[in-house]
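The values are calculated or read from the model by the stated rules, or taken from the named source; none is laboratory data. Fair warning: this is a prediction, and the values are worked out from it, not measured in the lab. All Cβ positions, glycine included, derive from the backbone under ideal geometry; neighbour counts span all protein chains shown.
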Amino acid sequence: MSEGTPDNKGNQGGKPPYKGNQGGKPPYKGSQGGKPPYKGGKTQQKGGRPQRGPPLSPAQQRRRAAEERISSWAPKTELGKKVVSGEITTMNQALSTGLPLREPPIVDLLMPDLMEEVIDIHMVQRMSDSGRRVRFAVTTIVGNGNGLVGLGRVSGKLVRPTITKALDRAKMNIIEIRRGSGAWECSTAVPNSLPFEVSGRTGSTRITIKPAPPGVGLVTNQVGQIMLRLAGVEDAWSFTKGQTQTIYNFASAMFKALEKTSTTKLLPGQGDFHNMVKGVKQE
């Protein structure tokens, strides 16, 4: 390029700069030298989402769903109508009527402090003409830690709805048990254990529960400890035979053994001798 030949409109060796700004791209209109500010100010979080509290746990979500179910519940059974009318106010009264328990909201209404435990979730596969079908089997235990306990098992396609159905099944299978101090080593006035020895069987699993003195604890596996703790038993020995690795069979055998504490006929004076209490202990 010869001298005197003008280059690109007043800029030597390059593109013309942006008019009104020296050496760069035009800034954002309305802001000095940067990106546009977030609309809404400093009161909102990054990303424009409103502030939220900590996420609810699965147990809290189930409790909220139970409260919503109670608010919109219309009883259909005789027992449910008596509960809504106020004729029955406790779970012991509901079980003593002999009426079948067919509505889970009855338990939600009478036992708001009910504790829940999921003890087993395993996948079940079945071959069909259309291919392999997968379902989930869920086993749950419910109890108030004061003489009431229930066991439920349900299978379904999705895990979370199946857990809810299994908990409802456990609530409808709830029973009251007898507790006492039946150990020969020590007889206390506190019903810390079972009043006598009981046994149960499911499949090849056999279990025997014996009363123990205070301080022994729950001498059993983890599933047995959960069930006895939710039933309100503090000290007990357990002896098992057969295939004990199947969680549902073990839990079902122990549940049947605990059920025998309330169905066994007592000798005259045996209840007072072992300080027995059936169901919820009144303070």
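Some points to look at:
- Single residue of segment 221-232 satisfying the filter (buried (at least 18 other Cβ atoms within 10 Å of the Cβ) and out of contact with any Ser or Thr (no Cβ under 6 Å at 6 or more places or on another chain)) that is nearest to residue 120 (Cα to Cα): 223
- Subset of segment 235-257 [farther than 19 Å from residue 118 by Cα and surrounded by 19 or more Cβ atoms within 10 Å (Cβ to Cβ)]: 235, 236, 238, 257
- Looking across 206, 169, one residue alone is surrounded by fewer than 20 Cβ atoms within 10 Å (Cβ to Cβ), outside any strand (DSSP E or B) and modelled with pLDDT of 95 or more. It is 169.
- Qualifying residue in segment 132-155 (condition: over 26 Å from residue 251 (Cβ atoms), surrounded by 19 or more Cβ atoms within 10 Å (Cβ to Cβ) and in contact (Cβ under 8 Å) with a residue 12 or more places away in the chain): no
- Any hit, segment 177-184, residues being farther than 30 Å from residue 105 by Cα, surrounded by fewer than 18 Cβ atoms within 10 Å (Cβ to Cβ) and modelled with pLDDT under 90: yes
- With respect to being within 13 Å of the chain's Cα centre (by Cα) and buried (at least 21 other Cβ atoms within 10 Å of the Cβ), residue 174 falls outside the description.
- Scan of segment 206-226 for residues that are among the aliphatic types (A, V, I, L, M) and either closer than 14 Å to residue 256 by Cα or out of contact with any Phe, Trp or Tyr (no Cβ under 6 Å at 6 or more places or on another chain) (or both), ordered by number: 207, 209, 216, 218, 226
- Matching residues, segment 114-132, being at pLDDT below 90 and more than 30 Å from residue 148 (Cβ to Cβ): 125, 126, 127, 128, 129, 130, 131, 132
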